[in-house]
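Please treat every number below as a calculation from the coordinates, not as lab data. Note that the structure is predicted; figures quoted are calculated from it, not measured. Using ideal geometry, Cβ is built from the backbone for each residue, glycine included, and neighbour counts are taken over all protein chains shown.
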Amino acid sequence: MAASYLLGLPDYYTSHKFKPFYWRYYVQRALESWPECSEGQQPEVIDSKVTIHKYKDRYYQLDPVQDYTHRPEELENTTLYDWITQYQKKPMKANESDDECESDNESVGSVDTEEENMDELGHTNPSVLEYANCKKRKRSDIKLDVQKLTFTTGHPQSGCSEILKNQHEVVPNFLDGALPHWDGPNKQYYAATILSLFKPWRTGLDLKEEGQEWHVALNQFTFTS
């Protein structure tokens, strides 16, 4: 143990890494596209810290939901679940990024994303994980274009952050309360949550049709492997 400490080695090793996932913010953003049906369908959102960046005397709130909705066009068909578990954002080198990019080094506030309370993962709704398991996901061996993947236009870090495929297995640690259950009192919110996790979207309008109930959209959606 002493030798490991002196060598800077970790105290323990795991086959997977855990990533904090504030899932409710994504669902809330999707429901904002349907104001006529979002009222009363979702519980109160738990407050969390956000990251604030300063650039040229202006302050910006970095939004992880925006990272997904402005993901690279090459990842158009990537679900939120796959985005969280398979990809990460890294700042480009100074000579590769645009001059007007907001640097991740100018943070004046931060999100509390420590990997604490890993036991909370044990409370993840089994029915939600079944959707992930039924897809029998295998890490994609498809090689993406050698050109760097970056956010689409409209993202404050487009052109200065690149999207990389994770080189290790990542398990999402679902935070912000328990996930809804399929036989719970709010079936519409459950359906909206499942669709938000496992159907690709950039706005909530991609998740269902006009006038369609969320549970109907979920029943009609085909989960692909």
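Full extension of the segment from residue 169 to residue 88, taken as 0.36 nm per residue of separation minus the current Cα-Cα distance, would add 28.0 nm. Modelled label positions at residue 17 and residue 186, each set 7 Å beyond Cα in the direction of Cβ, lie 3.2 nm from each other. The amide H of residue 17, built 1.01 Å from its N in the peptide plane, has 169, 170, 171 as neighbours under 5 Å, considering only residues 5 or more places off or on other chains.
Estimated from the Cβ-Cβ distance and a Förster radius of 25 angstrom, the FRET efficiency linking residue 153 and residue 213 is about 0.15.
In this structure, the residue pairs whose Cα-Cα separation is over 24 Å, taken from 148/208; 93/165; 17/165; 89/199; 19/165, are 148/208. Residues whose amide H lies under 5 Å from that of residue 87, counting only those 5 or more places away or on a different chain, are 166; hydrogens are built 1.01 Å from N in the peptide plane. Taking 7 Å steps out from each Cα toward its Cβ at residue 221 and residue 76 produces label points 1.9 nm apart. Sorted fewest first by neighbouring Cβ atoms within 10 angstrom, 182, 83, 214 come out as 182, 83, 214. Could you calculate the FRET efficiency of residue 6 with residue 66 from 1/(1 + (r/R0)^6), where r is the beta carbon distance between them and R0 is 45 Å, rounded to 0.05? Efficiency computed from Cβ-Cβ geometry: 0.60.
Close amide H partners of residue 161, meaning residues 5 or more places away or on another chain with modelled amide H under 5 Å apart, are 92, 151.
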